[in-house]
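Have a look at the structure below before the remarks.
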Amino acid sequence: MRMEIKQGHYYSNGAYGKTWGVRMVMHLLTNAETGEDAVHFKGVAGSSRRQNGEMPLDEFTRWVRYEVRLVENDWKRIADDIPAPPSGQAGEEPSSA
């Protein structure tokens, strides 16, 4: 199943150690030269930090393992069954109690 990539959202490659990274999708666009759908991104954490770039959407989708959000000082995976917190509030993971 292919993940839908959305502008303004954050994604991680799910790697461990030095190769882990988080990128924010700045724009979804069509490359004028190739006609391919593309992603303009900004690296915000890990190995991607301070990197800006553009790549074909298919390549970005292969890099992505899951969507993430920043909760206090930690990047948390967004699971389909965990609702996002209301805008402007810090998120909390649901308890298993």
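A few notes on this one:
- Qualifying residue in region 53-69 (condition: farther than 17 Å from LYS6 by Cβ, out of contact with any Ser or Thr (no Cβ under 7 Å at 6 or more places or on another chain) and at pLDDT below 90): no
- Leading residue by the ranking (most open to solvent (accessible area, probe 1.4 Å)) among those in region 1-11 that are closer than 22 Å to ASN73 by Cβ and out of contact with any Phe, Trp or Tyr (no Cβ under 9 Å at 6 or more places or on another chain): HIS9
- From the list GLY14, GLY35, the one residue that fits, being open to solvent by 30 Å² or more (accessible area, probe 1.4 Å), out of contact with any Pro (no Cβ under 7 Å at 6 or more places or on another chain) and not in a strand (DSSP E or B), is GLY35.
- Taken over region 51-69, the residue count meeting the criterion of being open to solvent by 30 Å² or more (accessible area, probe 1.4 Å) and more than 15 Å from ASN13 (Cα to Cα) is 3.
The values are calculated or read from the model by the stated rules, or taken from the named source; none is laboratory data. These numbers were taken from a predicted model, which means no experiment stands behind them. As a convention, Cβ positions derive from the backbone with ideal geometry for all residues, glycine included, and neighbour counts pool all protein chains shown. Calculation scope for accessible area: heavy atoms of the full protein, side chains included, ligands and nucleic acids excluded. Shrake-Rupley method; radii C 1.70, N 1.55, O 1.52, S 1.80 Å.
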